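Heads up, the thing below is written out as structure tokens.
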Amino acid sequence: MKSIPQKTQVLVVGGGPAGATAAGLLAREGFEVTLLELSNFPRYHIGESLLPTILPIMDLLGVREKLENFGFQRKHGAYLEWGSETWALDFGELSGSYTHAFQVKRDEFDQMLLNHAAEQGVNVFENTEVRSLDFDGDRPVRAHWQKKVNNGSAAEQGVISFDYLIDASGRNGVMSNHYLKNRKYHNVFQNIGVWGYWKNVDRLATGREGDIAVGSIPNGWLWGIPLSDGTMSIGAVMHKNVFKDNKSKDLMTLYTEAIESSPLLKKITKNGEMISDVLSETDYSYAADKFCGPGFFMIGDAACFLDPLLSSGVHLATMSAMLAAASITSYTRGDVSMDEAQSFFENSYRQAYLRFLVFLSAFYDVGRTKESYFWEAQRVTQQDVPSDFIKLAFLNLVTGVKDLADVQSDDTHHFVLEEMTKRIDDNLRFRQDKKKLANLDGEKLVSARENAQFFDSIEGIFSLNESDAVGGLYVSLFPRFGLTRVNH
Ligand SMILES: Cc1cc2nc3c(=O)[nH]c(=O)nc-3n(C[C@H](O)[C@H](O)[C@H](O)COP(=O)(O)OP(=O)(O)OC[C@H]3O[C@@H](n4cnc5c(N)ncnc54)[C@H](O)[C@@H]3O)c2cc1C
């Protein structure tokens with residue numbers, strides 16, 4: 001059996017989608033990579049609905065074919081009953097970008113990615129926890145690991161030193177929670193997710209097999225994610241106060257009441273049978289003050305986390321993995337300085353995250369009902385994110401009546417949210433009538449396409465070409481992977 005080396009070029013902590021992607025990309029670039037994972041894969045994880053934007057990263061990683069042929073449920077869009085509106089969304093319908101994604105059982109998906117990383121040359125060790133880090137000044141340089149103990153035997157322990165650390169330890173957040181102590185929870189999205197698994201559900205209630213079903217309720221919203229074995233993951237996201245105010249009710253009661261109050265999910269589960277316990281997670285949104293530092297990068301949930309409404313988790317995990325891998329690759333080649341690499345990673349990941357955060361907030365605003373406290377509570381404010389951060393994230397995106405650069409700081413949140421809400425509304429109008437959509441032409445077609453491209457930029461992969469460059473750098477995939485300077 002392989003033993004954990006005493007030294008490695010890159011140490012990756014955590015083998016979820018973020019860690020496996022970063023490790024695999026770096027191994028393909030010739031780095032010596034060691035990945036330590038606490039649990040024994042396959043392990044259960046929530047987060048089953050993927051976005052099409054992971055496809056180019058899976059291409060880059062060389063795992064696309066495996067993903068396409070694995071047998072995961074194909075997903076072509078989403079069906080939402082949101083407030084008083086109904087949305088049937090087809091991926092790429094207007095913008096011509098990727099037209100499918102997948103609904104995955106995460107134990108299978110994560111195992112596929114981790115196996116692939118090992119095939120690329122990553123030294124993967126499961127059942128191995130990183131328990132502490134040693135620093136040289138601010139730079140982490142060594143990790144103390146411990147194997148999980150079986151049958152009361154003495155725990156195997158050791159130390160590994162490294163040149164670079166990638167912290168992909170998810171919500172555990174080794175660097176952020178234990179050393180930097182810089183994880184900030186937002187005032188918005190203080191929600192709790194409760195979910196379970198069902199069989200014999202109506203998988204065609206959304207009109208097309210494979211789409212995610214989303215239904216809003218007065219206290220939150222629900223998801224229905226059809227999986228390849230015929231079962232469905234059905235979950236509810238509600239504000240923490242719903243749980244506080246209903247202490248006498250158990251989790252199962254709150255869960256079934258939530259399903260009962262959504263006409264869409266009620267229809268889906270009408271003849272269904274729940275086949276699991278009810279599970280829950282406090283999914284408050286958070287972000288670390290700083291995502292990287294000397295010799296280290298925090299990726300995926302280890303850096304920041306967002307309410308799951310837009311299914312952004314695995315997208316942000318794999319995208320930040322790509323940004324970190326490109327930064328390390330280019331620094332090591334001598335193409336950029338460490339300061340440039342860090343500043344690129346920090347700004348691109350934060351901007352991608354903030355765009356989603358504001359999109360979410362505006363989306364919640366669209367579904368708002370007059371009475372409901374829950375919807376009010378999801379508004380992003382200056383307290384959650386300073387105006388200059390929002391400005392930076394949206395400067396190239398929001399053009400129109402007023403230039404964002406001229407907007408007073410106090411008005412930034414309001415301005416960006418209003419612009420976003422307007423575009424969400426327009427998007428709804430374009431998509432509501434499929435017949436009309438098919439026959440759009442002239443100015444209306446141009447405007448519908450612009451609108452779709454706007455949302456692609458919010459949800460898409462950030463900083464992949466010159467026009468999206470951050471601090472004069474962008475990620476190029478060909479002819480070689482890494483950071484490239486804007487050419488002027
Ligand atoms: C209710 C809910 C619903 C969601 N729905 C969706 C969805 O539909 N779509 C979507 O894309 N996302 C969704 N998400 C988010 C998604 O689950 C995460 O964003 C995603 O899993 C992040 O990937 P990651 O690799 O960063 O972290 P993880 O997948 O959590 O992986 C981190 C890994 O690190 C390991 N680890 C932790 N500490 C250590 C240590 N000290 N040493 C070694 N290993 C360690 C863990 O065992 C784990 O395997 C949802 C989240 C919640 C809470």
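Here the chain is treated as a sphere whose radius is the Kirkwood value from Cα pairs; by Stokes-Einstein at 20 °C and 1.002 mPa s it diffuses with a coefficient of 92 µm²/s.
The order of V149, V124, V278, going from fewest to most other C-beta atoms within 10 Å of their C-beta, is V149, V278, V124. Basic side chains Lys and Arg get +1 at the Cβ, acidic Asp and Glu get -1 at the Cβ, and with that the dipole of the chain about its Cα centre reaches some 640 debye. The spacing between the range 260-327 and the range 76-124, judged by their C-alpha centroids, is 12 Å. For E129, neighbours were defined as the other residues whose beta-carbon sits under 12 Å from its Cβ, and their charges (Lys and Arg +1, Asp and Glu -1) total 0. Hey, got a sec? Which trypsin sites (Lys or Arg not before Pro) in the range 302-407 land in a DSSP loop and have at most 13 other Cβ atoms within 10 Å? Answer in residue order: K370, K402. Compared with the alpha-carbon gap, the fully stretched path from D229 to K244 is longer by 1.8 nm at 0.36 nm per residue.
Of all DSSP beta bridges confined to the chain, the antiparallel ones make up roughly 75%. Across all directions, the average flat footprint of the convex hull enclosing the Cα atoms of the range 353-459 is 7.6 nm².
Packing here is the average count of other Cβ atoms within 10 Å per residue, and on that basis the peptides 31-38, 98-105, highest first, run 31-38, 98-105. The helix-based estimate of mean residue ellipticity at 222 nm for the chain, built from -39,500 (n - 2.57) per DSSP H run of four or more residues and divided by its residue count, is -11000 deg cm²/dmol to the nearest 500.
Charge dipole of the range 191-282 (Cα centre as origin; +1 on each Lys and Arg Cβ, -1 on each Asp and Glu Cβ, all else neutral): 200 debye, rounded to the nearest 20. A simple spin-label model places the labels of A154 and D134 2.1 nm from each other, with each point 7 Å out along Cα-to-Cβ. The ranking of H413, H76 by Cβ neighbour count inside 10 Å, starting from the fewest, reads H76, H413.
Quick note: the coordinates plus some simple rules give every number you see, no bench work behind them. On a predicted model such as this, the values are computed, not experimentally measured, just so you know. No Cβ is skipped: glycine too gets one built from the backbone with ideal geometry, and neighbour counts run over all protein chains shown.
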